[in-house]
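Only one structure is covered here, and it is reproduced in the block below.
The values are calculated or read from the model by the stated rules, or taken from the named source; none is laboratory data. Just so it is clear, the model here is predicted, and its values are computed rather than measured. Cβ coordinates were reconstructed from backbone atoms using ideal geometry, including for glycine residues, and neighbour counts include every protein chain displayed. All accessible areas refer to the heavy atoms of the entire protein, side chains included, with ligands and DNA or RNA removed. Shrake-Rupley method; radii C 1.70, N 1.55, O 1.52, S 1.80 Å.
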Amino acid sequence: MERLDGGSAVPSGLRGGIVALGNFDGFHLGHQAVVGRAVERAHAAGRPAIVATFDPHPKRYFRPDSDWFRLTTMEQRARLIETAGADAMLVFHFDAELAALSAEAFARDRLAGAIGAAGVVTGGDFTFGRGRSGDVATLAELGRSLGFEAEVVPPVALDGETVSSTRIRALLQQGHPRGAARLLTRPFAIEGVVEHGAKLGRELGFPTANLSIGKYLRPAYGIYAVRGRLADGRVLDGVANLGIRPSFDPPVELLESYFFDFDGDLYGQAIEVALVDYLRAEARFDSLDALKAQMDLDAAEARKRLAEA
């Protein structure tokens, strides 16, 4: 799959494609339906399938001080989009220039002009253009004059509610990663480079791989059963603390993962840790012995939950 810059014209071999257009943060069931429809249309017509997204998220651009809400990095999103069958992922850099474009100018210059889109597929709540002035009806009208066919994919519902990134974020913040995974079709995962820490876990017999939570959404702080994917493709079961480690000062926000039956050096390596199940909230312990006893219990419970999963 090719990675394209939304500020430049696409290569000639990808012009005339069917474009799935949206933020696609999380790439949940609803996003998969939009991209799936674009890929289906592209294959039927013998055209390339392009997924166009935005970075940063428009909300982050307009509200830079808002709490972190990201569910996927662009690298994670790219892998998911490639797996869905797209030929290219095009990233519009959301900056002052893009924010100032009218709906008509965005459709004319970016979709019809730079991409040469033959079709555009979106979800029903998609908006675009300065001040969010354009909606799916606007896009359909502009498409008719600019030579592309716009299509809206209806919302996807699960358990009687529409699948959305907002719903997924709420589930994660409430400590329900399994519920979020049903909407995502996979567990929520944090990816990063393993950092050096204070080596406290090693002293307790639980050496951990420490990741910064960075720009991700903050799920409920607590202890999780996790699965880690290493750079070499190995998948390891484990237990992790996500939070600020209330038994230690100063508080440091980290995802600290202890992988079962693993003895190796992960410092400086990129890994991805999936939050499979929530075990309990963070707690402060009066002694290291009490903390270690609880960690033994947490590890046993995590092994049980992961075996069931």
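Please report the relative contact order for the chain, taking Cα pairs under 8 Å with a sequence separation of at least 6, and give it as a percent rounded to a whole number.
After rounding, I find 16 percent.
Can you compute the helix-only [θ] at 222 nm over the chain? Use -39500 (n - 2.57) per DSSP H run of at least 4 residues, normalise by all residues, nearest 500 deg cm²/dmol.
Rounded to the nearest 500, the figure is -8500 deg cm²/dmol.
Rounded to the nearest 0.05, what FRET efficiency is calculated for SER212 and ASP296 with R0 set to 30 Å and r the Cβ-Cβ distance?
0.65
Roughly how much of MET1 is accessible, in Å² to the nearest 10, using a 1.4 Å probe?
70 Å²
Using +1 at the C-beta of Lys and Arg and -1 at the C-beta of Asp and Glu, which of HIS57, PHE69, SER12 has the Cα lying farthest in the positive direction of the dipole of the chain?
SER12
Report the full-extension gain for the segment GLU308 to SER145: residue separation times 0.36 nm, less the Cα-Cα distance, to one decimal in nm.
Net length gain for the segment: 53.2 nm.
Taking +1 at the Cβ of each Lys and Arg and -1 at the Cβ of each Asp and Glu, which of PHE262, TYR221, GLN32 sits farthest along the dipole of the chain towards its positive end, judged by Cα position relative to the Cα centre?
The Cα lying farthest towards the positive end belongs to GLN32.
So if R0 is 45 Å, what FRET efficiency would GLN174 and SER102 give, r being the distance between their Cβ atoms, rounded to the nearest 0.05?
My answer for the efficiency is 0.70.
Rounded to the nearest 10 Å², what accessible area does ILE223 have for a 1.4 Å probe in the complete protein model?
10 Å²
Treating only the Cβ atoms of Lys and Arg (+1) and Asp and Glu (-1) as charged, compute the dipole magnitude of segment 160-309 about its Cα centre; round to the nearest 20 debye.
Charge dipole, segment 160-309, about its Cα centre: 600 debye, nearest 20.
Taking every eigenvalue of the Cα gyration tensor of segment 262-307, multiplying by 5 and rooting it, what semi-axes result, largest first, whole Å?
22, 16, 12
Give me the Kirkwood hydrodynamic radius of the chain, using the inverse of the mean 1/r over all pairs of distinct Cα atoms, in Å to one decimal.
Averaging 1/r across every pair of different Cα atoms and inverting gives 21.0 Å.
So how exposed is LYS292, as accessible area in Å² (1.4 Å probe, rounded to 10)?
Roll a 1.4 Å probe over it and LYS292 shows about 80 Å².
If you roll a 1.4 Å probe over the chain with all protein chains in place, what percent of the accessible area is carbon or sulfur?
After summing per-atom areas, the C and S share lands at 50 percent.
I'd like to check one number: the per residue accessible area of segment 203-296, probe 1.4 Å, reported in Å² as a whole number.
On a per-residue basis, segment 203-296 sits at 46 Å².
Can you give the angle from 0 to 90° between the axis of helix 29-45 and the longest principal axis of the chain, with both taken from C-alpha atoms, to the nearest 10?
40 degrees
Excluding the sites themselves, what is the longest stretch of the chain that contains no GluC sites (Glu not before Pro) in a DSSP loop with at most 16 other C-beta atoms within 10 Å?
Value returned for the longest uninterrupted segment is 1-252.
Relative to the compact globular guide of 2.2 N^0.38 Å, what is the alpha carbon radius of gyration of segment 1-114, as a ratio?
Normalised by 2.2 N^0.38 Å, the Cα Rg of segment 1-114 equals 1.05.
Averaging over every viewing direction, what projected area does the convex hull of the Cα atoms of segment 180-309 cover, in nm²?
Average of the hull's projected areas for segment 180-309 equals 7.7 nm².
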